[in-house]
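Asker: This is the structure, below, for whatever I ask next.
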Number of protein chains: 4
Amino acid sequence: MKKIGVITSGGDAPGMNACLKSVVDMASNLGYTVYAFRRGYTGVINNDYVILNREDVSKIFNLGGSIFMSGRCLEFYQLSGPSKAAKVLNKLGIDTLIAIGGNGTYNGANELIKLGVKVIGIPATIDNDVYSTDESMGFDTAVNNAVQMIINIQSTMRANERVALIETMGRLAGDIALYSAMASESDILLVPEDKKTEDEILELVKDEIERGNSSPTVVLAEKQFDLNKLNKRIQDETGKECRSIILGYMQRGGSPTVNDRFLAIRYGVSAVQFISQGISNVVIGVRDDRVVTTPIADAVNLKSNFRADLYGLFKELHRMEH
Amino acid sequence: MKKIGVITSGGDAPGMNACLKSVVDMASNLGYTVYAFRRGYTGVINNDYVILNREDVSKIFNLGGSIFMSGRCLEFYQLSGPSKAAKVLNKLGIDTLIAIGGNGTYNGANELIKLGVKVIGIPATIDNDVYSTDESMGFDTAVNNAVQMIINIQSTMRANERVALIETMGRLAGDIALYSAMASESDILLVPEDKKTEDEILELVKDEIERGNSSPTVVLAEKQFDLNKLNKRIQDETGKECRSIILGYMQRGGSPTVNDRFLAIRYGVSAVQFISQGISNVVIGVRDDRVVTTPIADAVNLKSNFRADLYGLFKELHRMEH
Amino acid sequence: MKKIGVITSGGDAPGMNACLKSVVDMASNLGYTVYAFRRGYTGVINNDYVILNREDVSKIFNLGGSIFMSGRCLEFYQLSGPSKAAKVLNKLGIDTLIAIGGNGTYNGANELIKLGVKVIGIPATIDNDVYSTDESMGFDTAVNNAVQMIINIQSTMRANERVALIETMGRLAGDIALYSAMASESDILLVPEDKKTEDEILELVKDEIERGNSSPTVVLAEKQFDLNKLNKRIQDETGKECRSIILGYMQRGGSPTVNDRFLAIRYGVSAVQFISQGISNVVIGVRDDRVVTTPIADAVNLKSNFRADLYGLFKELHRMEH
Amino acid sequence: MKKIGVITSGGDAPGMNACLKSVVDMASNLGYTVYAFRRGYTGVINNDYVILNREDVSKIFNLGGSIFMSGRCLEFYQLSGPSKAAKVLNKLGIDTLIAIGGNGTYNGANELIKLGVKVIGIPATIDNDVYSTDESMGFDTAVNNAVQMIINIQSTMRANERVALIETMGRLAGDIALYSAMASESDILLVPEDKKTEDEILELVKDEIERGNSSPTVVLAEKQFDLNKLNKRIQDETGKECRSIILGYMQRGGSPTVNDRFLAIRYGVSAVQFISQGISNVVIGVRDDRVVTTPIADAVNLKSNFRADLYGLFKELHRMEH
């Protein structure tokens, strides 16, 4: 009977626990044994694992975070990391390692593959920036969390006729900002895929105010601007109060949405099925609602596409013409 | 400048108001006038409408239900209904009527088309049983509502080690049941697309209990069984307490999820864009995440596909072998 | 060091797990050992328990239901039940048994007290019908759940201009109905503390319709009427469609509100503190936001007061004059 | 028939709209006319109002924020502000002004009272720092919002074994921090009512880590510390990663909880009843669940009491001994 390893790695994403449970349930159906390593690659290097059966994971499906901890393993990315990990996996007789995480995780996986380890990647990141899939696990939950918070913020901002400057997560990708802004009826959207100057933003805010909007909502993806500086300029140049809000880690946490539960199940089950069919060294994805695979070696070199069509739709609908 | 009519018709679905708002916003961008008729086709027949501008719909985006009421119009389906409606629309100079609803709504639309009225259908129904689209507006909200309730029910059922028999909506389609059962980790799933006898169900429940599950959850789509009778048999033949719960209208109501907000916007905007391009007599849909159209005449004759692949996945994962 | 027993008994209530955790944390601070019996009095009779430390309960605070199961123990209420239970507790050297539950639980506790067992009762029931406290743990969560569902139901009922007939839990007490109706702006409220005939209800519904309400909401506590019969009369005599909805177990489940978390902590900590002070055979309560105690022997004989002042307020505000 | 004025003033609080609606409904029952001024005292000074009937407020009960805007009116607090406002109210023939807000609002009211205007204050502020009541409207919603966010944050912090430093609102009062920390099982609580040094905080964090807590949660009320500096010290001196999160405006927004809906109704109805009874110049409150009044002149001079008993309970339960 095969032995399967599994890690959750990098930033955690809602659905990781549901995915882990699906791996264990499906593996158990096939008679496989599951070794769950703690703290991502760190646990592999340190031979720190627990063998899981159905009962052990019977209560984790709804939980956010990752019960086996997720983390970036600095040591792994140093010279000896991958070979240490490969030795541990060999010694334990692990057939294939399932790595649940994002792009950083696949880079690590790629190093292991070069050493002969078999790996299957599962896309789990709220940022939705994985090439191999239309949607990564955690994204829908993060956006639903963000939208709920933006709607709450809007109710108080409108009561005080303030401009709201709301920063979402997303690393280098504008997806969370785009989806959150669209679904919350925000007025102005700033994504790294279409950089704007502070002057341009000021014009957009003024346009909104001129159209009679007494409390415009600006949604921007992180790492683009100095929020305090932008806030001050908006106040100085529009004469309206402005408040800056960082949605932060509240986007990441919490019980997964139905959509992310589905991804978790489909990814987890498919990973085990692929192992049973002798498939490895791919990242799983869902394209057009069907499970697909991409070689990990390709996945680490390619960038996820920003939905320019939806961004265009937002701009047209909200008359964002600058 | 063109005049557009819009109705919400049939059972209401979360997202109808967001869709109506998107129609008005986009129409306003293009300089069109929007006539919203009250109570679906009833309002058309009775010349009962209001002209909407951006300001009128500025606060409806988040609301469940339909502010202009939705309803089945018995009179419309009688001999003179469609011709009365066509006369009203002609007299008002409506270019195209946007009909937001499900299959019954498209049947009505088809009658109007035969009389020379131009119509665009938008799929809005929690049942997800519209042929022309992968997903109808309202479905994701209904499933998320259902899953939240099932999880709550499970917490109390497990505390009392009872069997739970939970009925979802769905008319003739098993989609709500399938998605809800999968995302709530329910144990047994009964859909009209794969009919089972009471005896078979009893076997499935007994299998679960034999595997050590002290509180199995059975999710079943409506209209398949006499709940009270099935409940009694389960109690009598397993010796365990069983409780029947109808999720009912709580599935239908409430603020739409991000996914349904996106569908609402994309459908609403696309409908207006199609009108500006001279396209009509189609039902809009989203296939593989792209907006597509299907002739209404075809849509009314074809059935939506049940996701047999996902149903198979559920059965395999949950060892549902009878 | 003292040994403490703890059970959750009767219908489960949100907050039971948080309360159990607070008992364990506080007991651990004082160096006491906690014996948790499974399935209420059943576990005591059967010597079925687990010894809990801080680590064992570190992840249960947010969970609905009861991880040690709650249940009505038929055997306990038979002749030999209490004496069997008393023997087990004596043999284990349990100093005091903390019984988390409602009135039925206190009846059982009273039998144990007669046999020399020391017991402390903690009021946990969504029905809010415990004499010894202003508010029992679980009530606030149940009402918040109910209100969320009623608001969802109203959005769809209004879209179809239907009368909604919504049944809440509450056993013999109208509290859940009263608080849910008030906080959801329902129109008509039917509680067992002020019985009305079907004719009177019909008049109230007609009053609402005459005032221009096209979709009245009627909230009624369970066990008062034949819903189907009342539904039919409303439809026949008002000419409007009516839908009956049973909120059911969805009220009971789920993560506790802040208020119920506070009650859980205060009750759990106080119980342990009372034990350290040699106090027993009382039910804990909160009156005017202060922790108080009532002898269990009194608690089982007295009825909780219905808030006639708030009911009067509802009737006045909603012009419910029949 | 009497004329009643009403304003929402200062920071908005969930329940303001529900309260406004209750004022209008009750006033309408008594045949009074309601003048709602926009933007708090600003609208009074500028004679900017709308007369409200039942129909106008029929859809606002569930909404967060304040539909008539709330705001601090700088002009009002200048020399001529109160006399301008008094003149407007006199000219309109307003019998009594209902001022929904917090301490700043009562200061303004007190100035009006000196000029012969009759005012009734209603405590609405998430900070819970109003002397005249046990609980101000909006507080329960803010705490429930905060707890939901903290629980989400904890799920991701634990997955990465980080220290979380979470800042709540509260101005000068520690109530939101206290209730949020208690109900979220946070580990360390820092309130302005019991000031601690950075060194003491470091000791508390180290205590938690030594007890085996790999991801301590620190909740602190705003305006006490430089978050960045404290964060850095924690990282430097414990060797663990730490993240700072400001819950911010997400606490304030959103639909009110059942508790705040009750306060809104009771305050709104009572205000109108007091007016009908000739009572004025008081702030309404709820003490021990009964409606009480405090002269506004007293209310502005007295401070709300911090719940030292609950704070002591938190410290004992969480072994916070520094």
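The numbers here are math on the coordinates, done by the rules we state, and not lab data. Given the structure is predicted, the values throughout are model-derived calculations rather than measurements. For neighbour counting, all protein chains shown are included, and Cβ atoms are generated from backbone atoms with ideal geometry for every residue, glycine included.
Asker: Any chance you could give the angle, 0 to 90 degrees and rounded to 10, that helix D:198-210 forms with the longest Cα principal axis of chain D?
Answerer: Once rounded, one gets 60 degrees.
Asker: Would you kindly derive the ³J(HN,Hα) couplings of the range A:304-312 from the backbone phi angles with the Karplus curve 6.51 cos²θ - 1.76 cosθ + 1.60 (θ = phi - 60°), listing them in order in whole Hz, with x for Gly and Pro?
Answerer: Per residue, the Karplus-derived 3J(HN,Hα) values read 5, 7, 6, 7, 4, 5, 6, 5, x Hz.
Asker: Assign unit charges at the C-beta atoms only (+1 for Lys and Arg, -1 for Asp and Glu), then state the dipole size of the range C:141-264 relative to its Cα centre in Debye, rounded to the nearest 20.
Answerer: Numbers: 15 positive and 20 negative charges, 99 e Å.
It works out to roughly 480 debye.
Asker: Given a Förster radius of 35 Å and the C-beta distance between D:N305 and D:N228 as r, what FRET efficiency does 1/(1 + (r/R0)^6) yield to the nearest 0.05?
Answerer: Numbers: r = 32 Å, r/R0 = 0.93.
After rounding to 0.05, the efficiency reads 0.60.
Asker: How far is B:S83 from itself in the other copies, in nm, if each label sits 7 Å out from Cα along the Cα-Cβ line, shortest first?
Answerer: Nearest first, the other copies' label points are 7.7, 8.9, 9.0 nm away.
Asker: Let a ≥ b ≥ c be the square roots of the eigenvalues of the Cα gyration tensor of chain D; is it rounded (a/c under 1.5), or, if not, prolate (a/b larger than b/c) or oblate? Display every interim value, and only then the final one.
Answerer: Details: a/c = 2.50, a/b = 2.30, b/c = 1.09.
Here chain D falls in the prolate category.
Asker: How would the range D:70-220 be classified by its alpha-carbon gyration tensor: rounded, prolate or oblate, with rounded meaning a/c under 1.5 and the a/b versus b/c comparison settling the rest?
Answerer: On the way: a/c = 3.82, a/b = 2.98, b/c = 1.28.
Here the range D:70-220 falls in the prolate category.
Asker: Angle, helix D:103-114 long axis vs. longest principal axis of chain D, Cα atoms, 0 to 90°, nearest 10?
Answerer: Helix D:103-114 sits at roughly 30 degrees to that axis.
Asker: Ordered shortest first, which distances in nm separate the 7 Å Cα→C-beta label point of B:I279 from those of the other copies?
Answerer: Copy-to-copy label distances at B:I279, shortest first: 3.3, 6.5, 7.3 nm.
Asker: Something else now. Give me the mean projected area, in nm² to one decimal, of the convex hull enclosing the Cα positions of the range C:203-244. List each step's numbers first, then the result.
Answerer: Numbers: hull surface 11.6 nm².
Computed as one quarter of the Cα hull surface, the answer is 2.9 nm².
Asker: Same structure again: List the relative contact order of the range A:14-79 as a percent without decimals, with contacts defined as Cα pairs under 8 Å and 6+ residues apart. Please list the in-between numbers first.
Answerer: Working: 87 pairs, mean separation 29.7, N = 66.
Relative CO of the range A:14-79 lands at 45 percent.
Asker: Ok, one more. Explain nothing, just the number: dipole magnitude of the protein assembly as shown about its Cα centre with +1 on each Lys and Arg Cβ and -1 on each Asp and Glu Cβ, in debye rounded to the nearest 20.
Answerer: On the way: 140 positive and 156 negative charges, 1 e Å.
Value, rounded to 20: 0 debye.
Asker: In whole Å, what are the Cα extents of the range B:137-287 along the three principal axes, biggest one first?
Answerer: The principal-axis extents, from largest down, are 65, 29, 24 Å.
Asker: Remind me, relative contact order of chain A in percent, using alpha carbon pairs under 8 angstrom and six or more residues apart?
Answerer: Details: 688 pairs, mean separation 72.6, N = 322.
About 23 percent, as a whole number.
Asker: Let me ask you something else. Could you derive backbone 3J(HN,Hα) for the range D:259-273 from the dihedral phi with the Karplus parameters 6.51, -1.76 and 1.60 (θ = phi - 60°), listing whole Hz in sequence and x where the residue is Gly or Pro?
Answerer: Ordered by residue, 3J(HN,Hα) equals 4, 6, 5, 5, 4, 4, 5, 5, 5, x, 5, 4, 4, 5, 5 Hz.
Asker: While we're here: What percentages, rounded to whole numbers, describe P(r) for the range D:1-105 computed over all alpha carbon pairs with 5 Å bin width beginning at zero?
Answerer: Taking every Cα pair in the range D:1-105, the percentages come to 2, 14, 25, 25, 19, 11, 4, 1.
Asker: Moving on to the next point. Per-residue mean of other chain beta-carbon atoms within 10 angstrom of the beta-carbon, peptide A:256-266? Can you show the working numbers first?
Answerer: Numbers: counts 2, 8, 17, 8, 1, 8, 6, 0, 1, 7, 4.
Partner Cβ neighbours, averaged per residue: 6.
Asker: Here's something else I'd like to know. Taking N as the number of residues in the range D:202-289, what is its Cα Rg relative to 2.2 N^0.38 Å? Intermediate values should be presented prior to the final figure.
Answerer: On the way: Rg = 22.1 Å, N = 88, 2.2 N^0.38 = 12.1 Å.
The range D:202-289 yields a ratio of 1.83.
Asker: Hey, what's the Cα Rg ratio for the protein assembly as shown versus the globular rule of thumb, 2.2 N^0.38 Å? Mind showing how you got there, number by number?
Answerer: On the way: Rg = 30.5 Å, N = 1288, 2.2 N^0.38 = 33.4 Å.
That ratio works out to 0.91.
Asker: Take the Cβ-Cβ distance between B:R54 and B:R319 as r, set R0 to 60 Å, and report the resulting FRET efficiency rounded to the nearest 0.05. All intermediate terms of the calculation are to be shown ahead of the outcome.
Answerer: Values: r = 54 Å, r/R0 = 0.91.
Rounded to the nearest 0.05, the efficiency is 0.65.
Asker: If you put +1 on each Lys and Arg Cβ and -1 on each Asp and Glu Cβ, how big is the dipole of chain C around its Cα centre, in Debye rounded to 20?
Answerer: On the way: 35 positive and 39 negative charges, 308 e Å.
That gives chain C a dipole magnitude of about 1480 debye.
Asker: In µm²/s, what is D for the range B:139-221 at 25 °C and 0.890 mPa s, where D = kT/(6 pi eta Rh) by Stokes-Einstein and Rh is the Kirkwood radius from Cα pairs?
Answerer: Numbers: Rh = 12.8 Å.
For the chosen part, D equals 191 µm²/s.
Asker: Right, next: Between copies, how close do the A:K229 label points come, placed 7 Å along Cα→Cβ, listed in nm from shortest?
Answerer: 2.4, 7.4, 7.6
Asker: Moving on. How far is the Cα center of the range C:246-319 from the Cα center of the range C:133-211, in Å?
Answerer: 21
Asker: Can you tell me the orientation of helix C:139-159 relative to chain C, as the angle in degrees between its alpha-carbon axis and the longest Cα principal axis, to the nearest 10?
Answerer: Result, in degrees: 20.
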